[in-house]
Amino acid sequence: MTERCGRASGSSLRWSWVLLLALTATPGCAHRGTSGHAVTRADSAPAVYPLWFIHPPAVPTGVGFSLPGHVTRGPAYTQAVEMAGRMLAWSTHVRVRGERLYWRTPDGRLESGGQKVELLELPELAPDICQLDTLNIDRYTWVVAHGRGSVIPVPAAVASFTPSAPAWIAVTPREPGWHHALGIATLASRDEPGSWELATYRALVELAIGVGARSGDLEKTLTGEQAGAGRLVFDTRMQGFHVAARWRDAHNVFVLARVRADRARTMLETSDDG
């Protein structure tokens, strides 16, 4: 099924119920039906995914999926649309601003002590610039949000993740003209989509830090100076962030993300509130 995207607030990470109602009521939607996109399998293991989820296209794309109800527009469809909308907004344009605390251990390693992050300048997704495609695979409803004119193969071939971890998990790729980052999240058995979204978010933050971050000593707090403590401050604007690859094992999900170097820049030198 194909639809046009409704509007999403640029200042929020969640698509509003107004958007969902607009999607339901839009008279110009071209409904291709979900029956032609259903993929049935007699076996339940291993889990299968759209091939383009494992090996994503090199275009800004948002993917959401959730356990379906008995009708297309049940709660699962709503959750999948919201997730796909957030992912497409991040991929289109985002400013990632925040700071991360860290501690240096006696052997020289850095350990994270928490972070505060804001996602700013998120775009409005209007019907004339994006499109939704929907399909069902096994028990899940999938929604792909992408720019109008880009081609996503729906219905999709399905595949399983390889048993062995790909090389990019051990060594983050280095490619001239690109920034790469890895995001990892624990696999939640009752919320696998949420695990993938968290890993994507973490990859986005790591990209922002990799593009340009400023380090400094941690200011004195109520508990006093912390020996070996410091913080990273980052403020990065990106366009065209996208997921390059995904993989999972029985315990974690992994997302490799990248952005072109000429479409990502730090704002620390120009920001007044740095």
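So how many residues does the stretch 99-124 have that are over 16 Å from the mean Cα position of the chain (by Cα) and at negative phi? Count: 17. Checking each residue in the stretch 29-60 for being surrounded by 15 or more Cβ atoms within 10 Å (Cβ to Cβ), modelled with pLDDT of 50 or more and in a helix (DSSP H, G or I) picks out TRP52, PHE53, ILE54. Based on what the data block shows, is ALA199 crowded, with 16+ Cβ neighbours inside 10 Å and modelled with pLDDT of 95 or more? Spelling it out, ALA199 is indeed crowded, with 16+ Cβ neighbours inside 10 Å and modelled with pLDDT of 95 or more. I need the full set of residues from the stretch 105-122 which are among the acidic types (Asp, Glu) and modelled with pLDDT of 90 or more, in order please. If the condition is that a residue be among the acidic types (Asp, Glu) and modelled with pLDDT of 90 or more, then GLU118, GLU121 are the ones that fit. Checking each residue in the stretch 147-189 for being among the hydrophobic types (A, V, I, L, M, F, W, C), modelled with pLDDT of 95 or more, out of contact with any Lys or Arg (no Cβ under 8 Å at 6 or more places or on another chain) and surrounded by 11 or more Cβ atoms within 10 Å (Cβ to Cβ) picks out ALA165, TRP168, ILE169, LEU182.
Are any of the residues in the stretch 222-236 modelled with pLDDT under 90, in a strand (DSSP E or B), basic (Lys, Arg) and surrounded by 15 or more Cβ atoms within 10 Å (Cβ to Cβ)?
Just the residues of the stretch 222-236 that are modelled with pLDDT under 90, to begin with: 222-232.
Now drop any that are not in a strand (DSSP E or B), which leaves 224, 229-232.
If we keep only those that are basic (Lys, Arg) too, we end up with 231.
Filter once more, so that each one left must be surrounded by 15 or more Cβ atoms within 10 Å (Cβ to Cβ): 231.
Yes.
Of all residues in the stretch 61-104 being at pLDDT below 80 and under 30 Å from ARG214 (Cβ atoms), which is surrounded by the fewest Cβ atoms within 10 Å (Cβ to Cβ)? Result: ARG104.
The values are calculated or read from the model by the stated rules, or taken from the named source; none is laboratory data. Predicted model only: the values in this text are computed from it and were never measured. Here Cβ is always computed from backbone atoms with ideal geometry, including for glycine, and neighbour counts include all displayed protein chains.
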